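Here's the structure we're looking at; comments come further down.
The values are calculated or read from the model by the stated rules, or taken from the named source; none is laboratory data. As the structure is a computational prediction, the values presented were derived from the model and not from experiment. We place every Cβ from the backbone using ideal geometry, glycine too, and count neighbours over all the protein chains shown. The accessibility values were calculated without ligands, DNA or RNA, using every heavy atom of the protein model including side chains. Shrake-Rupley method; radii C 1.70, N 1.55, O 1.52, S 1.80 Å.
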Amino acid sequence: MPPRRIQPARLAFDERGLPHAPDFGDVYHSDAGALAQARQVFLGGNGLPQRWAERQRFVVLETGFGLGHNFLATWMAWRADPQRCERLVYLAVEKHPLTPADLAAVHQRGEAADACPELAAQLRAAWPPASPDWHALDFEDGRVQLRLGLGDATERLRGLQADVDAIFLDGFAPAKNGEMWTAELFQRLGRLAAPGCTAATWSVARAVHDGLAAAGFRVDTAPGFASKRDRTVAQFEPRFRPLRPAALRPLAPEPEPGQREALVVGAGLAGCAAAWALARQGWRCQVIDEREAPAQATSGNAGGLMHPIFNAPDSLHARWFRAAALRTAALARPAIASAWVAGRLEGFLRLEGRLDETRAQQRLDEVGLPPELVRWMGLEEARATVGLPLEQGGWWFGSGGWLSPQDWSRWLMAEASRLAGSAFLGGRRVERIERVTADAAQGHPTARWQVLDATGAPIAQAPVLVLANALDLPRLLPADGPRPRLGAVRGQTTVLPTESTALTPRHALSGAGYALGLPDGRQLCGATGQHDDVEGQVRRSDHAANLRRAAALGLFDEAGRQAVAALAADEEPFAALGVDPGPLGGRCGWRATTADRLPLVGPLPDLQAVARSRAAGARLDSPRQWPRQHDTDGGLYLCTGLGSRGLTSAALAGELLAAWITGAPFPVEAELRDALDPARQT
């Protein structure tokens, strides 16, 4: 794959003070005003704000985010409208985003400084790193969601899954930037258009009209803006609209408020994240766990790593964990600042002894990620940054670090309660699940899921059931249905007390093991990884193994390293570390892992329906075409298999799950969604 490095826009100002792009020989907006143009051409051309009145969700797609004025104008209109939709989702693509400094220069000297300085400042504060990904920027407590796809427009749209209600076509002029007006791009727009979708642009070029018409739009002209005589408006009226693949049909795109209910079994990271993400879509969840409080199993560790990974070429794993880490960092930093969550996301070092700086830079150049996201850190800089006598440098991830899994889970659960009234039901062991028929006169769907306790008494019921109970999940599934393949990996951590002689790292780091400094001065290190090991007691031998890993990371001075090296033969060296083996803290738990180390998120396939479809001659070339449980039994989903990277994956996995259920735009491209689809194991 060729380098995908995002090249920032070159910005200049002409003699009138208008921003323009020297590389394209075009201006960013009319001299009559960017916000006025946005209101007349794009909002007015799409019948906004009237068309979003009282909708649960309204989705806008812009080709060419530019300076952000169209988004700011749309946001302002949403804010001012008492009949506004519950949630405004604004999808935008941009190949050459502005640098933060240039964005500030435009906003502070232009219209935004007078019309919407507060909103423009919020946009700048949330501005993402320039990586070729879909970036999530949240405003208005998540009710206004900007999803910014950086990179080539056609490539970004190729993997997008959304039902778009209005399209803003705002690239540079077709004669100067033909890539933004190709036939393929218009076809992509036609595949994304929801029934009733509209499109608008200031351009009346022949290529624009032909492209829209070929994509299924009825094209008209309207009076132009400022000096332009005409502009283009269009209505989606396709002759034929192919049926969406079975796996991608939401359970209910816009259910009534009383129907937006779900049960979540399991209150670890996955379950709390599922409830949080559904609450952001207006869904109330009941989260059920046999323990008395959330995050009491493996998610109860004192701390855990949160960071992206880096591969060259850019693998599916690297793309998923990069997207997940960026999302978690954006969400968790305010929670850390408010003292809700213990943690530190100010950088993470992954030691790497197989590369030197030259070869590392070659790999970075191959993928093209910005240095604020990942860069190579040489030995001397790594020692100074982390404050340990390291023996090698490695990859530095600027948005990585550590979080308290328990705090993070509880924050997600608290947000789910605040946003949608979600509730935690503790001390309830779910022994069985079943499909029941409810009274349709009560305003609920006739088919609902019910969870029952050991006596057969119902605990709760709802139209949607999410199983997020990790290794306990297969027990609840029907014996003749698909069986997720989850491995149990025992992990034990070690916590060194403040009186030990261990050094405290300034930043979390990992190599063969990992280490981080807790806020109270203790050091956490680990972790073991034993497959098919069921012993639940904390073991001295595992503490010794963790201390040897910590020594390899540089957590001890020379005397400490010698003491640790002798641990295999003699337990007395524990005393040389300033501790007795008894007071060492730590926990053990079991990670639910998949063979490919990616989570399982989405609806289960209906294997009987798949067999019937194949027998009838249907072509089911890929899992996304397979009938799902939500088509037949209705509303059964998985969110599990987060493994050892649950802190990184949980929030984005929850949002992916919520998109499956509610019909919201998927937060990641189709290839990543398919990589997490539970059907991949079948």
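Key figures for this structure:
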quantity: Unique residue being modelled with pLDDT under 95 and either out of contact with any Cys (no Cβ under 6 Å at 6 or more places or on another chain) or among the hydroxyl-bearing types (Ser, Thr, Tyr) (or both) when the list is GLU118, GLU111, GLU140; calculated: GLU111
quantity: Out of GLU366, GLU391, GLU346, GLU357, sole residue that is open to solvent by 10 Å² or more (accessible area, probe 1.4 Å), under 28 Å from the mean Cα position of the chain (by Cα) and modelled with pLDDT under 95; calculated: GLU366
quantity: PRO478 vs. criteria open to solvent by 10 Å² or more (accessible area, probe 1.4 Å), touching a residue at least 12 places away in the same chain (Cβ under 8 Å) and more than 15 Å from VAL564 (Cβ to Cβ); calculated: no
quantity: Flag for PHE58 being among the aromatic types (Phe, Trp, Tyr) and at pLDDT below 95; calculated: no
quantity: Single residue of region 14-29 satisfying the filter (out of contact with any Lys or Arg (no Cβ under 8 Å at 6 or more places or on another chain) and of a type outside the set (D, E, K, R)) that is surrounded by the most Cβ atoms within 10 Å (Cβ to Cβ); calculated: HIS29
quantity: Residue match in region 597-605 (condition: in a loop (DSSP other than H, G, I, E, B), of a type outside the set (D, E, K, R), surrounded by fewer than 23 Cβ atoms within 10 Å (Cβ to Cβ) and touching a Lys or Arg at 6+ places or on another chain (Cβ under 7 Å)); calculated: no
quantity: Any pair with Cβ under 6 angstrom, 6 or more apart, that starts in region 27-42 at a residue that is closer than 20 Å to ASP14 by Cα and ends at one that is open to solvent by 40 Å² or more (accessible area, probe 1.4 Å) and assigned to a helix (DSSP H, G or I); calculated: LEU35/ALA115
quantity: 1 or more residues at pLDDT below 95 and closer than 24 Å to ARG597 by Cβ: qualifying strands (runs of 3 or more DSSP E) within region 455-555; calculated: 487-492, 494-496, 523-526
quantity: Top-ranked residue of region 154-207 - restricted to ones that are touching a Phe, Trp or Tyr at 6+ places or on another chain (Cβ under 6 Å) and either of a type in the set (S, T, N, Q) or over 27 Å from ALA53 (Cα atoms) (or both), ranked as most open to solvent (accessible area, probe 1.4 Å); calculated: LYS176
quantity: Within region 42-85, considering residues that are over 23 Å from ASP102 (Cα atoms) and of a type in the set (Asp, Glu), the one farthest from the chain's Cα centre (by Cα); calculated: ASP81
quantity: Test for LEU388: is it within 18 Å of GLY554 (Cβ to Cβ) and assigned to a loop (DSSP other than H, G, I, E, B); calculated: yes
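Conditions tested, residue by residue: (1) open to solvent by 50 Å² or more (accessible area, probe 1.4 Å); (2) free of Cβ contacts under 8 Å to residues at least 12 places away in the same chain; (3) assigned to a helix (DSSP H, G or I).
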residue: SER613; (1), (2), (3): no, no, yes
residue: LEU620; (1), (2), (3): no, yes, no
residue: TYR637; (1), (2), (3): no, no, no
residue: SER649; (1), (2), (3): no, no, yes
residue: PHE666; (1), (2), (3): no, no, no
residue: ALA679; (1), (2), (3): no, no, yes
